């Protein structure tokens, strides 16, 4: 059983925001850089999925993209990949960094040098150690037998050079994705005792899926951007230009020439991603630059939204799946 990886809502929000900001907006570069970094990380996670497919389904439960609450600190922690077997839980942190990576044990830092630019990050091994403590607390709280928990930092860009300070005690936990399967085989030889029964694995899997709380914050507040600063209109799904022109039956992009009957769909999703799950006919007309209430009503009806009220002030609500 595998919890499949989906594009995180936070990335969907940032993607929508970068399309809806003018390139001259003072926050545009900040949003663009955030989007680039998060997409790079997501691509690394997707790259790791290739290797995870080789693991036997009957032996491993694979949960991807978990966001769990640590009750002791009332904060959330995120796990890229969690593998659960009868003898071991394995936490995999995927990294898609390029260039040269150096792990400094003394100061718990990770240094990246790429294109003669050096960046320093908190050591992901420290975060994984914290994950181990958090997972142990969770197992104890829900009365699931204690099981060995291991972790790996997995670099998915195979051209990345990995080094560490001399005698780094955890260097063996830093690998390239091509070594993942052989590393798992090593763990299997070390941890032979089957601690969890099938019923425990099933219970733990259902529990983690139930406790999973995807990010649902307000992206505009995070960047300090107001709704009135967003560009309006239907954007082109191909080249992202906006606004598209409305012809009698289609939407047409004046930049690349693309035309479509339902090009508005992604633009409506932009509204929900950026402003919340409620909308009115008037707000949709304003956001998409629609000419009439009739046009807006047809679009709202195509989304199968729930609504309250029967007048022009009716509020439509979108419920995520």
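Remark: the Cα gyration tensor places segment 269-321 in the oblate category, a/c being 1.5 or greater and a/b not exceeding b/c. Any chance you could give the angle, 0 to 90 degrees and rounded to 10, that helix 124-141 forms with the longest Cα principal axis of the chain? So the inclination is approximately 90 degrees. Note on the chain: with a GNM built from Cα contacts shorter than 10 Å, the maximum mean-square fluctuation among 272, 187, 54 falls on 54. The shape of the chain can be summarised by an equivalent ellipsoid whose semi-axes, obtained from the alpha carbon gyration tensor, come to 43, 25, 17 Å from longest to shortest.
Name the most mobile residue of 26, 148, 248, meaning the one with the largest mean-square fluctuation, in a Gaussian network model of the chain with Cα contacts below 10 Å. Comparing 26, 148, 248 in a Gaussian network model of the chain, the most mobile one is 248. With respect to the chain, whose longest principal axis is taken over its alpha-carbon atoms, helix 293-302 is tilted by about 30°. Taking the C-alpha atoms only, the angle from helix 264-275 to the longest principal axis of the chain is near 70 degrees. Helical runs assigned H by DSSP (4 residues or longer) give the chain a calculated mean residue ellipticity at 222 nm of -11000 deg cm²/dmol, each run adding -39500 (n - 2.57) before division by the residue total.
Every Cα-Cα pair in segment 145-289 was counted, and those over 25 Å apart are 61% of them. Dividing the convex hull volume of the alpha-carbon atoms in segment 73-229 by its residue count gives 165 Å³ per residue. Here the Gaussian network model covers the chain, with springs between Cα atoms less than 10 Å apart; of 95, 199, 64, 199 fluctuates the most.
Each value in this text was obtained by applying a stated rule to the coordinates, not by laboratory testing. Computed from a predicted structure; not experimentally measured.
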